[in-house]
Amino acid sequence: MNGKIDGLTNDRSDRQLEMMQLWQERMEQTQLAMGRTPGANATADAELRQKIRSGEIECPTCASRKYVDGSDDAGVSFKTPTHVSPGQSKQAVLSHEHEHVSRNRNKAEADGREVTHSSVSLHYATCPTCGKRYVAGGLTRTTTEGVSDKAKDLQKNMFNILDKMI
């Protein structure tokens with residue numbers, strides 16, 4: 001392991017360590033692409049970070065970020081890891097979560113239930129490299145309840161009355 005990260009690993013999870021290592025590798029690749037020796041001097045590193053934050057250079061962390069759906073719903077997007085830019089993350093995640101709402105509604109109807117409530121919440125994060133805010137994920141909650149036979153009969157009668165009126 002690289003000495004820069006060794007001191008930070010005492011209380012980090014494996015995933016956090018993996019992300020820190022990936023970030024460091026991307027920074028080194030960016031430095032090499034610019035003709036600089038990785039980690040040669042702190043001034044060059046600070047200058048590089050400033051260029052990333054100003055948008056002159058693509059942020060390596062944002063460029064490597066991928067979205068993947070963690071649900072057991074096979075009919076929605078993001079089942080394979082997909083890159084989405086920070087600027088498009090809100091619309092992409094919101095659209096994906098609305099796919100869940102639609103599929104939950106269809107499943108409820110097929111099971112003879114009705115949706116009483118649906119909500120979508122988005123989770124935001126800030127990129128540690130460039131400081132851009134992006135939507136990191138989302139959560140859909142759907143509540144359903146069974147439609148009683150009496151309610152079904154009432155609904156059927158109302159439609160019959162409406163048909164006769166029209």
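The values are calculated or read from the model by the stated rules, or taken from the named source; none is laboratory data. These numbers come from a predicted model, not from an experiment. Because the Cβ atoms are built from the backbone with ideal geometry, glycine has one as well, and the counts that use them run over all protein chains shown.
Restricting attention to the stretch 115-134, which residues are of a type outside the set (A, V, I, L, M) and either surrounded by 14 or more Cβ atoms within 10 Å (Cβ to Cβ) or closer than 30 Å to Q24 by Cβ (or both)?
S118, H123, Y124, T126, C127, P128, T129, C130, G131, K132, R133, Y134
Being of a type outside the set (G, A, S) and loosely packed, with under 13 Cβ neighbours inside 10 Å, is that true of even one residue in the stretch 60-68?
yes
Taking the residues in the stretch 94-114 that are of a type in the set (D, E) and in a helix (DSSP H, G or I) as candidates, determine which candidate is surrounded by the fewest Cβ atoms within 10 Å (Cβ to Cβ).
Filtering first and then ranking leaves E109.
Checking T142 against (1) surrounded by 17 or more Cβ atoms within 10 Å (Cβ to Cβ); (2) modelled with pLDDT under 90, only one condition comes out false. Which one?
It is condition (2) that T142 fails.
Does any residue in the stretch 58-81 that is aliphatic (A, V, I, L, M) come within less than 9 Å, Cβ to Cβ, of a residue that is modelled with pLDDT of 85 or more and in a loop (DSSP other than H, G, I, E, B) six or more places away or on a different chain, and which pairs are these?
A63/S85; V68/F78; V68/K79; V68/T80; V68/P81; V76/D69
Out of the helices (runs of 4 or more DSSP H) lying entirely within the stretch 1-89, which hold 1 or more residues that are in contact with a Leu (Cβ under 9 Å, 6 or more places away or on another chain) and at pLDDT 70 or above?
14-33, 60-64
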